[in-house]
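Asks: Just passing along the structure, written as structure tokens.
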Amino acid sequence: MNRRDFIKNGLFASLGLSMAPTLLQSCRKKDELLVNFNGKVLIIGAGSAGLMAGYTLQQYGIDFEIIEASSVFGGRVKKSNNLADFPIDLGAEWIHDEPSVLGQLINDDSVDAKIDLLSYQPESYSVSSNNDLSKLNVGMQFYREYKFRNSTWFDFFEDYIVPSIADKIVYNQPVSKVNYLNDQVVVESEDGSIFTGDKVILTVPISILKAENIVFQPVLPVDFTESLGKVSMPPGLKVFIKFSKKFYPDLMYVPTENAGENDLKLYYNAAFKKDTEDHVLGMIQVGPDAERITSLEPYQITDLLLLELDKIFYGQASEYYISSRTQNWSNEPYIQGSYSFETFESEYIEEGVNGRLYFAGEAYHPWASSTVQGAGYSGRDRALKIIQGG
Amino acid sequence: MFTSAKRILVFFVFLTICVYAKSQVEETGWNVAYYGAVPYEVGLKVGGYMNSNVKAKIDDIYRVQFGYHSLPRDHRTLFVGGEKGKTIRGAKGNSSSIIFGANLGLQKEVLGFSVGVDGRISNRVYDNRYFLMLATYYAYRRHLSKTIDIYGQLGYGHKFVTKEANKGVLLLELGITKLIKRKNYSDE
Ligand SMILES: Cc1cc2nc3c(=O)[nH]c(=O)nc-3n(C[C@H](O)[C@H](O)[C@H](O)COP(=O)(O)OP(=O)(O)OC[C@H]3O[C@@H](n4cnc5c(N)ncnc54)[C@H](O)[C@@H]3O)c2cc1C
């Protein structure tokens with residue numbers, strides 16, 4: 001049945017007056033959809049996907065509640081204000097898309113946003129191997145992305161997405177059970193709190209699903225768990241080191257000892273084009289080989305990195321070191337890793353399980369997986385699916 | 001964008017190259033080209049073209065050019081430069097040459113900008129950088145008609161820039177030359 005048939009046959013025929021469809025003439029959202037749902041949606045997780053799902057439902061006036069395990073929203077979007085005189089993205093940092101993606105996420109013409117960005121095309125690039133630094137300032141013209149200039153991904157959500165849905169987020173409620181057997185979905189958190197709704201959108205990282213931290217009733221379909229097994233979410237962390245002098249290039253690739261093709265370790269000038277006099281070197285390591293470093297304490301990680309940098313830069317790292325901040329994503333109890341390395345493919349992603357349980361998050365987006373916007377789009381897509389009758 | 005002092009400098013560079021080439025000129029013309037540091041940067045290069053035949057079949061090409069290229073939201077670059085080329089293979093109607101060039105330029109680097117909900121870009125914050133770029137190109141030229149040549153050249157340029165690290169760029173130029181005076185190839 002196409003959308004037009006659905007409107008003509010499915011909707012008017014099968015729904016009573018109380019569920020009569022409304023074509024919302026909203027001045028806020030850009031798209032106009034036929035609303036064919038007036039129940040309540042439970043959203044599990046307040047990361048990009050969960051927040052965007054809630055924001056979309058809010059735009060259509062649908063009742064919802066976001067249940068978050070930790071005490072903050074954002075998930076893998078997180079910031080630090082303490083290390084330098086500019087805010088630092090501890091998780092997602094780059095905008096792996098055109099700047100217009102931000103407006104597409106806001107999706108509201110009435111918002112007068114002027115978001116300051118910088119064009120990220122590093123000016124100096126080196127590769128270090130066996131402590132030898134080779135300058136490779138050629139070819140960086142083939143690469144360009146964007147970053148927030150004086151703010152972060154977290155600020156983006158805090159300023160534009162969260163304000164309209166803040167009172168719908170419940171914090172410190174790690175969900176442990178999801179019962180979607182009957183018409184009413186029942187979600188239970190670790191302290192025994194019960195939440196009920198008509199549909200549920202689960203946006204927890206796939207690592208949480210794999211760790212079976214949440215019990216489903218009925219159990220998830222075999223096809224679904226098989227697909228889940230094919231997606232990996234390896235360990236990962238970010239470290240920011242503040243120095244009194246910039247002695248490093250804008251981008252430096254340092255292959256790890258046991259690096260496979262899925263391993264990434266990059267040092268980068270986190271203050272590049274930022275409005276600051278501070279010198280902050282970022283380090284991101286993601287992949288199977290990050291296991292060793294993510295099992296260390298933050299002070300051990302800093303020592304290890306300073307040692308590595310000292311060898312490459314003849315002791316300058318220790319000489320100019322001021323302070324550091326480690327964000328170990330593998331140790332976050334409700335994240336447990338970095339991001340998915342494969343896209344989750346399953347018929348249940350689009351359609352949901354039993355028409356009540358939906359999945360959203362970075363792992364599920366077909367062409368922008370592992371990104372903030374990919375997670376956000378998948379949250380929005382699931383919300384729109386429900387709005388249109390599931 | 002340019003102050004008077006820079007305009008005068010540009011004029012003198014142009015004049016010097018013209019005067020140097022004048023005595024031996026076999027061909028003269030004007031060039032218009034798409035010019036950019038591949039793959040994103042797009043720009044335009046215009047200038048004068050001269051070809052002086054020093055030895056038979058070996059052409060010395062001189063070009064003096066002004067150009068502009070930009071990587072939207074990243075930088076805008078205005079430059080003036082000269083190029084000298086040697087034809088390495090030539091037949092009637094087409095030729096390949098190796099070209100050496102030097103550009104002096106101003107790079108207006110975009111430090112930041114704002115994006116609106118509609119995707120519109122505004123409030124660009126610029127920082128000026130100056131550079132000298134030395135470049136080598138491989139060029140292929142084809143005579144389309146008595147007065148029109150088309151050419152393509154691919155090169156490597158090394159940029160010495162103020163306020164940022166020196167770097168290498170890959171350059172692409174696709175152009176058309178309108179000849180005012182055509183060399184008589186049947187003489188060779
Ligand atoms: C080191 C690193 C660097 C990255 N860099 C970039 C980048 O530069 N650009 C980019 O676009 N992307 C980047 N990413 C990826 C990006 O951060 C993610 O794709 C995106 O933020 C994921 O959003 P999400 O909503 O799918 O999941 P999350 O943000 O993980 O949100 C899931 C939420 O579910 C909550 N939760 C978990 N378990 C439960 C439970 N039992 N009950 C209730 N709530 C629960 C969590 O607390 C969390 O808030 C990076 C990620 C990492 C780790």
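Taken together, the values in this text are just the output of simple stated rules run on the coordinates, not laboratory data. Everything numeric here is computed off the predicted structure, so don't read it as measured data. So basically every Cβ, Gly included, is an ideal-geometry build from the backbone, and we count neighbours across all protein chains shown.
Asks: Using label points projected 7 Å from each Cα along Cα→Cβ, tell me how many nm separate B:ARG120 and A:ASN81, to one decimal.
Replies: 3.1 nm
Asks: Also: Helix-derived [θ] at 222 nm for chain A: sum -39500 (n - 2.57) over DSSP H runs of at least 4, divide by residue count, nearest 500?
Replies: Numbers: 10 runs with 80 residues, N = 390.
Value at 222 nm, helices only, nearest 500: -5500 deg cm²/dmol.
Asks: Excluding B:GLN65 itself, what net charge comes from residues whose Cβ is under 11 Å from its Cβ, given Lys and Arg +1 and Asp and Glu -1? Provide the component values of the computation, followed by the final result.
Replies: Working: positive: B:LYS45, B:ARG63; negative: B:GLU83, B:GLU173.
So the surrounding residues net to 0.
Asks: Along the positive direction of the dipole of chain A (beta-carbon charges: Lys, Arg +1; Asp, Glu -1; about the Cα centre), which of A:ILE201, A:SER227, A:VAL178 reaches farthest?
Replies: Farthest along the dipole direction, towards plus: A:ILE201.
Asks: For chain A, what is the percent of antiparallel DSSP beta bridges, rounded to the nearest 5? Don't jump to the answer; show the numbers that get you there.
Replies: On the way: 48 of 69 bridges.
Counting DSSP beta bridges with both partners in chain A, the antiparallel share is about 70 percent.
Asks: Next up: What does the stretch B:81-157 give for Rg and for Dmax, in Å, if only its C-alpha atoms count?
Replies: Just the Cα atoms of the stretch B:81-157 yield Rg and Dmax of 19.3, 57 Å.
Asks: What is the gain in length, in nm to one decimal, between A:GLN217 and A:GLU319 on full extension, counting 0.36 nm per residue of separation less the C-alpha to C-alpha distance? Kindly include the intermediate steps, with their values, before the conclusion.
Replies: Details: separation 102, 0.36 × 102 = 36.72 nm, distance 5.74 nm.
Using 0.36 nm per residue and subtracting the Cα-Cα distance, I get 31.0 nm.
Asks: Order the peptides A:345-353, A:279-287 from the highest to the lowest mean number of other Cβ atoms within 10 Å of their residues. Intermediate values should be presented prior to the final figure.
Replies: Working: A:345-353: 16.4, A:279-287: 22.8.
So the order, starting with the most tightly packed, is A:279-287, A:345-353.
Asks: Once you list every other residue whose beta carbon is under 13 Å from the beta carbon of A:LYS168, what net charge do they have if Lys and Arg are +1 and Asp and Glu are -1?
Replies: Details: positive: A:LYS40; negative: A:ASP63, A:GLU65, A:GLU68, A:ASP167.
Once positives and negatives cancel, what remains is -3.
Asks: Hey, another quick one. If I stretch the segment between B:VAL32 and B:ASN166 completely, what's the gain in nm (0.36 nm per residue apart, minus their alpha carbon distance), one decimal?
Replies: Numbers: separation 134, 0.36 × 134 = 48.24 nm, distance 2.79 nm.
Additional length available on full extension: 45.4 nm.
Asks: If you count, for each residue, the other Cβ atoms within 10 Å and average over each peptide, how do B:114-121, A:107-114, B:96-103 line up from highest to lowest? All intermediate terms of the calculation are to be shown ahead of the outcome.
Replies: On the way: B:114-121: 16.6, A:107-114: 13.5, B:96-103: 18.4.
Peptide ranking by packing, descending: B:96-103, B:114-121, A:107-114.
Asks: Counting residues in chain A as N, plug N into 2.2 N^0.38 Å and put the Cα Rg over that result. Don't jump to the answer; show the numbers that get you there.
Replies: Values: Rg = 22.5 Å, N = 390, 2.2 N^0.38 = 21.2 Å.
The reported ratio for this selection is 1.06.
Asks: Could you please rank B:LEU144, A:LEU51, placing first whichever residue has the fewest other Cβ atoms within 10 Å of its Cβ?
Replies: B:LEU144, A:LEU51
Asks: Could I ask something else about it? Percent relative contact order of chain A, based on C-alpha pairs within less than 8 angstrom and at least six residues apart?
Replies: Details: 810 pairs, mean separation 82.6, N = 390.
Relative contact order here is 21 percent.
Asks: If you keep only loop residues by DSSP, which trypsin sites (Lys or Arg not before Pro) in the stretch A:266-347 have at most 13 other Cβ atoms within 10 Å of their Cβ? List each step's numbers first, then the result.
Replies: Details: sites: A:LYS273, A:LYS274, A:ARG292, A:LYS311, A:ARG325; in loops: A:LYS273, A:LYS274.
In loop regions of the stretch A:266-347 (DSSP not H, G, I, E or B), there are no sparsely surrounded trypsin sites (Lys or Arg not before Pro).
Asks: Within the set of other residues whose C-beta is less than 13 Å from the C-beta of A:ASP198, count the net charge using Lys and Arg as +1 and Asp and Glu as -1. Let's see the in-between values first.
Replies: Details: positive: A:LYS40, A:LYS199, A:ARG356; negative: A:ASP63, A:GLU65, A:ASP183.
Around A:ASP198, the charge tally is 0.
Asks: In what order do B:MET50, A:MET52 fall by count of nearby beta-carbon atoms within 10 Å, going from fewest to most?
Replies: Numbers: B:MET50 21, A:MET52 29.
Listed from fewest to most nearby Cβ atoms, that is B:MET50, A:MET52.
Asks: Related question: With a Förster radius of 60 Å, plug the Cβ-Cβ distance of A:LYS245 and A:ASN38 into 1/(1 + (r/R0)^6) and report the FRET value to the nearest 0.05. If you can, show how the numbers build up before the last one.
Replies: Values: r = 61 Å, r/R0 = 1.01.
The value I calculate is 0.50.
Asks: So how do A:LEU42, A:LEU264, A:LEU181 line up by other beta-carbon neighbours within 10 Å, fewest first?
Replies: Details: A:LEU42 24, A:LEU264 18, A:LEU181 13.
In order of increasing Cβ crowding within 10 Å: A:LEU181, A:LEU264, A:LEU42.
Asks: Give a quick list of GluC sites (Glu not before Pro) in the stretch A:55-140 that DSSP marks as loop, anything other than H, G, I, E or B, with at most 14 other Cβ atoms within 10 Å.
Replies: Details: sites: A:GLU65, A:GLU68, A:GLU93, A:GLU123; in loops: A:GLU68, A:GLU93, A:GLU123.
Passing sites in the stretch A:55-140 do not exist.
Asks: How much length, in nm to one decimal, is gained on full extension between A:GLN184 and A:ASP167, taken as 0.36 nm per residue of separation minus their Cα-Cα distance? Mind dumping the intermediate values first?
Replies: On the way: separation 17, 0.36 × 17 = 6.12 nm, distance 2.26 nm.
Here the segment from A:GLN184 to A:ASP167 would lengthen by 3.9 nm.
Asks: Same structure again: Are there any GluC sites (Glu not before Pro) in the stretch A:187-221 that are in a DSSP loop and have at most 16 other Cβ atoms within 10 Å? List them by number. Each step should come with its number before you reach the end.
Replies: Values: sites: A:GLU188, A:GLU190, A:GLU212; in loops: A:GLU190, A:GLU212.
Those satisfying the criteria are A:GLU190, A:GLU212.
Asks: Quick check: Cα centre of the stretch B:88-151 to Cα centre of the stretch A:251-329, how many Å?
Replies: Spelled out, the Cα-based centre of one part sits 37 Å from the other.
Asks: How much FRET efficiency would the formula 1/(1 + (r/R0)^6) give for A:ILE194 and B:LYS178, where r is the Cβ-Cβ distance and R0 is 60 Å, rounded to 0.05? Spell out each step's value before the answer.
Replies: On the way: r = 80 Å, r/R0 = 1.34.
After rounding, the FRET efficiency stands at 0.15.
Asks: Let me ask something else about it. What's the FRET efficiency of B:LEU111 with A:GLU291 using the Cβ-Cβ distance as r and R₀ = 41 Å, to the nearest 0.05? Walk me through the intermediate numbers first.
Replies: Working: r = 38 Å, r/R0 = 0.93.
Efficiency, from the Cβ-Cβ distance: 0.60.
Asks: Who wins for biggest fluctuation among A:VAL138, A:VAL215, A:VAL162 in a Gaussian network model of chain A, springs between alpha carbons below 10 Å?
Replies: Among A:VAL138, A:VAL215, A:VAL162, the largest GNM mean-square fluctuation belongs to A:VAL138.
Asks: Using unit Cβ charges (K, R positive; D, E negative) and no other charged atoms, how large, in debye to the nearest 20, is the dipole of the protein assembly as shown about its Cα centre? Show your work: numbers first, answer last.
Replies: Details: 61 positive and 67 negative charges, 713 e Å.
Charge dipole, the protein assembly as shown, about its Cα centre: 3420 debye, nearest 20.
Asks: From the residues A:TYR377, A:SER323, A:ILE335, which one has its Cα farthest along the dipole of the stretch A:269-390 in the positive direction, the dipole being from +1 and -1 charges on Cβ of Lys/Arg and Asp/Glu about the Cα centre?
Replies: A:TYR377
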